[in-house]
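K.L.:
Following this message is one structure expressed as structure tokens.
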Amino acid sequence: MPSEVVRLEGHIIDSLTLSKVMDIILREGGEYHIQRFAMGATRSDPSHADIEVSAPDAATLDRILHMTQQHGVQRSTGEVNLVAAPKDGVLPEGFYSTTNLPTRIRLDSTWTPVDPIEMDCAIVVKSEGIVECLPMHRVVKGDRVVVGDQGVHVTPVERRDPDDAFGFMGSEVSTERPKALVVAAIVQAMLDARGQGGRILFVGGPAILHTGAGRFLEAIIKAGWIDVLFAGNALATHDIERALFGTSLGVEIATGNSMAHGHENHLRAINRIRGCGSIRAAVENGTLTSGIMHACITTGTDFVLAGSIRDDGPLPDVITDTIKAQDAMRSQVKGVAVALMVATTLHSVATGNLLPASVRTLCVDSDADSVIKLMDRGTHQAFGIVTDCEFFLKELAGRLPGVEV
Amino acid sequence: MTEVCTGNQTTRVMMCAPAHYSLEYEINPWMRLENRPDTELAAEQWSKLYEVLTTEAGAEVSLIGQVEGCPDMVFTANAGLVRGEIALLASFRHPQRALEEPHFAEWFSQNGYTVYMPPTGCRFEGEGDALFAGANLLAGYLKRSDICSHRWMAEMFSTTVLSLELVDDRWYHLDTCLLPLGDNRVAFYPGAFDAYAQTVIRHHYETIEVELDEALRFACNAVVIGETVVLPNGCPHLEANLRKLGYKPVSVEMSEFLKSGGASKCLTLLLN
């Protein structure tokens, strides 16, 4: 649907000009969305409204804009300002910092989408008008970077369709949400994603193993429900420890008893995989025969293991350069429609940073802080559910078609 | 010099004696080339208005000389909008009247005003479309002035501007259909405004509704000086309403100026 962002300013409330303009838009078959409204601070100060006007076709939009212009609506003719990057990895002063919301820029009199969009990045116009959203470190000297916000149009997240599977959930964190309903909504969202060719991303922390929920995640992956797994050294290590020794951090998963010298098990597990060269090699030579990572290898599910400073080992598959890890994750989020983030703060926030706001994002943690942090870092589209991950994964495995635990 | 009721300050207005007043073109529904004004009669009517304003109403009148080739220059209300030492100069919609702009600009400058031009491409016909009423500046648009001039005036005078859409060509300027009466009251002809403007006017002011037949006589095109209201004759209902409210209506014959779509208010520009 063609749309344009226009501005109305003046004493538009007292004069009813804003009401009039909105009425005209609707009467002529268009729709409006007030993107920003700033009320004048004093009686004589003007108010400002940025209004996105949309219409079923370009001719109707033109007619509406023509009609509303005489009531003071100003069309933006402003193109983006572009300034060359001064050095590799350095942006020009005043660069436009992106959000994770759908964004377009005005370039050569047309609106060009910035796709995919990622928060906290810069918008770069490459040669032949190719528009890219790039993190700072990927910018090279001379890249033409958008500076200031002129000619940049950001579309806020749309009101949720009440029929949407996520529709009944607010975006606030709650410990009192009916969890079975949330799980049912997630299942529906995953089915929708599958139907529309969208990918499903799972971000997990080691508590999945400690709580004994590893087998549920393994079963979900085996059934082909996950397209890509993001985790750290710990999840993979404890999963492999469980596969090789039946323990997680030395505690027997089956009995809950601590095993003698069990605390060494995770190091021995890492060592054994390092001996094989990679997790894939360990699966192929028969060393690793079960578990989450095994399921990823055998089903062809992509995974990115990002390292951290406290890692033991790490496993040979762990990417220890954080910038390289970010880039590996970045290349995997393309096409993701649903993101499940379970029992990890660090990886959830890191992933949230990379996701467009249009991705249906669920964050599950026993600690409300994790969920709140994710939203505080700008992933406002996330729904939070405060619960034990074992409960969640068991419910999810039980409801997803084709999952055998 | 008579002191008038708005404070102790003498009201000053600018007028232009009809030395070259005529009807040379048609730019509003009142103007018809076959119905030209009688220039002698026009001069008499103008002189009578001048006399009423200076004697009965106690105004001080400053004069600008009419330039040949600017037949509508007598309608000084459209020269601009003046407050304090600032004059916002008109930018006329019709090229015939745009010829008046440099002459008004020169007069304002010579008389000590700082002259500001409207933003490029923004039409503004002075007090014809902008009337102070209490805390607000009431501003008409669509027929002659553009709404962009409202933001400009608000900024220049740090005042609230209420934008009022005019919908009938016969009342092409705000001062043809709305008359501020003190800070809280206006007389107006509702049919000249769209529904939003009617709501705005009624919300902000006590109102006297002018009837159609008197609106067609330009009842609202009156000069208010203190409690004296100098209006065109033939508007008995408005006069009666004004008297009830304690005003002193004084009617003047304006027939020759009505042929060009103007009356007493159009012939005066408030300078303070």
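None of the figures in this text is laboratory data; all of them are computed from the coordinates on show. Quick caveat: nothing in here was measured; it's all calculated off a predicted structure. Cβ atoms come from the backbone with ideal geometry, glycine included; neighbour counts cover every protein chain shown.
K.L.:
Counting only DSSP beta bridges with both residues in chain B, tell me the antiparallel percent, nearest 5. If you can, show how the numbers build up before the last one.
P.N.:
Values: 19 of 41 bridges.
The answer is about 45 percent antiparallel.
K.L.:
In chain B, with Lys and Arg counted as +1 and Asp and Glu as -1 at Cβ, which of these residues, B:Val161, B:Thr120, B:Phe75, has the Cα nearest the positive end of the dipole, that is, farthest along it?
P.N.:
My answer, from the dipole projection, is B:Val161.
K.L.:
Can you list the residues, at least 5 places off or on another chain, whose amide H is less than 5 Å from the amide H of B:Val250, using H built in the peptide plane?
P.N.:
B:Val229, B:Val230, B:Leu231
K.L.:
Could you work out the relative contact order of chain B, using alpha carbon pairs under 8 angstrom and six or more residues apart, expressed as a whole percent?
P.N.:
Relative contact order here is 22 percent.
K.L.:
Work out the length of the dipole vector of the protein assembly as shown about its Cα centre, built from +1 on the beta-carbon of each Lys and Arg and -1 on the beta-carbon of each Asp and Glu, and round it to the nearest 20 debye.
P.N.:
For the protein assembly as shown, the charge dipole is close to 1940 debye.
K.L.:
Related question: Kindly give Rg over Rh for the range A:253-347, based on alpha-carbon atoms, with the Kirkwood expression for the hydrodynamic radius. Don't skip to the end; give the middle numbers.
P.N.:
Details: Rg = 15.1 Å, Rh = 15.3 Å.
My calculation of the ratio gives 0.99.
K.L.:
Give me the one-decimal nm value for the distance between modelled label points at B:Phe132 and A:Asp388, 7 Å along each residue's Cα-to-Cβ direction.
P.N.:
7.6
K.L.:
While we're looking at this one, here's another question. Using Cα centres only, tell me the gap between the range A:11-40 and the range B:63-82 in whole Å.
P.N.:
Centre-to-centre distance over Cα atoms comes out at 38 Å.
K.L.:
Using the count of nearby Cβ atoms within 10 Å as a rough guide to exposure, how do A:Asp108, A:Asp311 rank from fewest to most? Kindly include the intermediate steps, with their values, before the conclusion.
P.N.:
On the way: A:Asp108 8, A:Asp311 17.
Starting with the residue having the fewest Cβ neighbours, the order is A:Asp108, A:Asp311.
K.L.:
For the range A:92-134, which trypsin sites (Lys or Arg not before Pro) pass both filters: DSSP loop (anything but H, G, I, E, B) and at most 14 other C-beta atoms within 10 Å?
P.N.:
Numbers: sites: A:Arg104, A:Arg106, A:Lys126; in loops: A:Lys126.
Answer in residue order: A:Lys126.
K.L.:
Then there's this: Please report the antiparallel percentage of DSSP beta bridges with both residues in chain A, rounded to the nearest 5.
P.N.:
Numbers: 40 of 66 bridges.
Among the beta bridges of chain A, antiparallel pairing accounts for roughly 60 percent.
K.L.:
So what are the ³J(HN,Hα) numbers for the range A:309-324, from phi and the Karplus equation (6.51, -1.76, 1.60; θ = phi - 60°), rounded to whole Hz, Gly and Pro as x?
P.N.:
Result, rounded to whole Hz: 5, 9, 5, 8, x, x, 4, x, 7, 6, 8, 8, 7, 5, 5, 5.
K.L.:
Quick one: which residues, 5 or more positions from A:Cys121 or on another chain, have an amide H under 5 Å from its amide H? H modelled 1.01 Å from N in the peptide plane, none for Pro or chain starts.
P.N.:
Counting only residues 5 or more places away or on other chains, the set is A:Thr98.
K.L.:
Now a separate question. Could you give the nm distance between label points at A:Leu346 and A:Lys126, where each point is 7 Å from its Cα heading toward the beta carbon?
P.N.:
The modelled label-to-label distance comes out at 3.2 nm.
K.L.:
Moving to a separate point now. Can you give me the distance in nm between label points at B:Glu56 and A:Gln70, each placed 7 Å from the Cα along the Cα-to-Cβ direction?
P.N.:
3.9
K.L.:
With only alpha-carbon atoms counted, please give the Rg and Dmax of chain B, in Å.
P.N.:
16.8, 46
K.L.:
Which residues among the range A:112-156 fall inside the zone where the amide N is under 14 Å from a point 7 Å beyond the Cα of A:Val90, along Cα→Cβ?
P.N.:
A:137, A:139-143
K.L.:
May I pose another question? With charges set only on the Cβ (+1 for Lys and Arg, -1 for Asp and Glu), what does the dipole of the range A:179-399 come to about its Cα centre, in debye to the nearest 20? Please list the in-between numbers first.
P.N.:
Working: 19 positive and 21 negative charges, 91 e Å.
For this selection, approximately 440 debye.
K.L.:
Another question, if that's okay. Which residues in the range A:214-232 place their backbone N less than 20 Å from a point set 7 Å from the Cα of A:Lys324 along the Cα-to-Cβ direction?
P.N.:
Residues passing the 20 Å test: A:229-232.
K.L.:
Given R₀ = 60 Å, FRET efficiency for A:Glu252-A:Asp376 by Cβ-Cβ distance, to 0.05? Could the numbers behind the result be given before it?
P.N.:
On the way: r = 38 Å, r/R0 = 0.63.
Taking R0 as 60 Å, the efficiency between A:Glu252 and A:Asp376 is 0.95.
K.L.:
To make sure I understand, if each residue's beta carbon is the centre and we count other beta carbons within 10 Å, what order do B:Lys143, A:Lys141, A:Lys394 fall in, fewest to most?
P.N.:
Working: B:Lys143 23, A:Lys141 11, A:Lys394 19.
So the residues, fewest neighbours to most, are A:Lys141, A:Lys394, B:Lys143.
K.L.:
Rounding to the nearest 10 and keeping the result within 0 to 90°, find how far the Cα-based axis of helix A:17-27 lies from the longest principal axis of chain A.
P.N.:
Tilt of helix A:17-27: around 70 degrees.
K.L.:
Which residues make up the longest stretch of chain A clear of GluC sites (Glu not before Pro) that lie in a DSSP loop with no more than 12 other Cβ atoms within 10 Å, not counting the sites?
P.N.:
Details: sites that count: A:Glu93, A:Glu158, A:Glu172, A:Glu176, A:Glu404.
In chain A, the maximal stretch lacking such sites is A:177-403.
K.L.:
What pairs in A:Lys373/A:Lys394; A:Lys87/A:Lys126; A:Lys20/B:Lys143; A:Lys324/A:Lys394; A:Lys179/A:Lys394; A:Lys179/A:Lys334 have C-alpha atoms more than 23 Å from each other? Could you put the intermediate results ahead of the total?
P.N.:
On the way: A:Lys373/A:Lys394 25 Å; A:Lys87/A:Lys126 16 Å; A:Lys20/B:Lys143 17 Å; A:Lys324/A:Lys394 33 Å; A:Lys179/A:Lys394 12 Å; A:Lys179/A:Lys334 29 Å.
Result: A:Lys373/A:Lys394; A:Lys324/A:Lys394; A:Lys179/A:Lys334 exceed 23 Å.
K.L.:
Which trypsin sites (Lys or Arg not before Pro) from the range A:245-326 combine a DSSP loop assignment with at most 10 other Cβ atoms within 10 Å? Each step should come with its number before you reach the end.
P.N.:
Values: sites: A:Arg268, A:Arg272, A:Arg274, A:Arg280, A:Arg310, A:Lys324; in loops: A:Arg310.
For trypsin sites (Lys or Arg not before Pro) across the range A:245-326 that sit outside H, G, I, E and B with at most 10 neighbouring Cβ atoms in 10 Å, the list reads A:Arg310.
K.L.:
While we're looking at this one, here's another question. Contact order normalised by length for the range A:179-399, with contacts defined as Cα pairs under 8 Å and 6 or more residues apart; what percent is it?
P.N.:
Reported relative contact order: 25 percent.
K.L.:
Can you list, bin by bin at 5 Å, the percent of alpha carbon pairs in the range A:1-111, starting at 0?
P.N.:
2, 11, 18, 19, 16, 13, 10, 6, 3, 2, 0
K.L.:
Remind me, relative contact order of the range A:81-154 in percent, using alpha carbon pairs under 8 angstrom and six or more residues apart? Write down the numbers at each step before the final one.
P.N.:
Numbers: 175 pairs, mean separation 32.8, N = 74.
Answer for the range A:81-154 is 44 percent.
K.L.:
Please compute, for the alpha-carbon atoms of the protein assembly as shown, the extent along each of the three principal axes and give them in descending order in Å.
P.N.:
Ordered largest first, the protein assembly as shown gives principal extents of 119, 52, 45 Å.
K.L.:
Please list, or write none, the lysines whose alpha carbon is within less than 26 Å of the alpha carbon of B:Lys48, excluding same-chain residues fewer than 8 places away.
P.N.:
Cross-link targets: B:Lys244, B:Lys248, B:Lys259, B:Lys265.
K.L.:
Take A:Ala281, project a point 7 Å from its Cα along the Cβ direction, then tell me which residues of the range A:304-339 have their backbone nitrogen under 15 Å from it.
P.N.:
Residues passing the 15 Å test: A:314-318.
K.L.:
Now a separate question. Fewest Cβ neighbours within 10 Å first, please rank A:Ser3, B:Ser158 accordingly.
P.N.:
Numbers: A:Ser3 18, B:Ser158 9.
Starting with the residue having the fewest Cβ neighbours, the order is B:Ser158, A:Ser3.
K.L.:
Check which residues have an amide H placed less than 5 Å from B:Ala79's amide H, if you skip close sequence neighbours.
P.N.:
Amide H neighbours of B:Ala79, under 5 Å, 5+ apart: B:Glu127.
K.L.:
Related question: Give a residue-ordered list of calculated ³J(HN,Hα) values for the range B:238-247 (Karplus: 6.51 cos²θ - 1.76 cosθ + 1.60, θ = phi - 60°; whole Hz; x for Gly, Pro).
P.N.:
Residue by residue, the range B:238-247 yields 5, 4, 4, 4, 5, 4, 4, 8, x, 7 Hz.
K.L.:
So, one more: Percent antiparallel among DSSP beta bridges with both residues in the protein assembly as shown, to the nearest 5? Don't skip to the end; give the middle numbers.
P.N.:
Working: 59 of 107 bridges.
In the protein assembly as shown, DSSP labels about 55 percent of beta bridges as antiparallel.
K.L.:
Report the full-extension gain for the segment B:Glu253 to B:Val67: residue separation times 0.36 nm, less the Cα-Cα distance, to one decimal in nm.
P.N.:
On the way: separation 186, 0.36 × 186 = 66.96 nm, distance 2.44 nm.
Once the chain is fully extended between B:Glu253 and B:Val67, it gains 64.5 nm.
K.L.:
Output wanted: per-residue J couplings in Hz (rounded whole) for the range B:122-138, from phi through Karplus 6.51 cos²θ - 1.76 cosθ + 1.60, θ = phi - 60°, x for Gly and Pro.
P.N.:
10, 7, 8, 10, x, 5, x, 10, 8, 10, 6, 9, x, 6, 10, 9, 8
K.L.:
Explain nothing, just the number: dipole magnitude of the range A:1-83 about its Cα centre with +1 on each Lys and Arg Cβ and -1 on each Asp and Glu Cβ, in debye rounded to the nearest 20. Write out the running numbers ahead of the final one.
P.N.:
Details: 7 positive and 12 negative charges, 39 e Å.
The dipole of the range A:1-83 has a size of about 180 debye.
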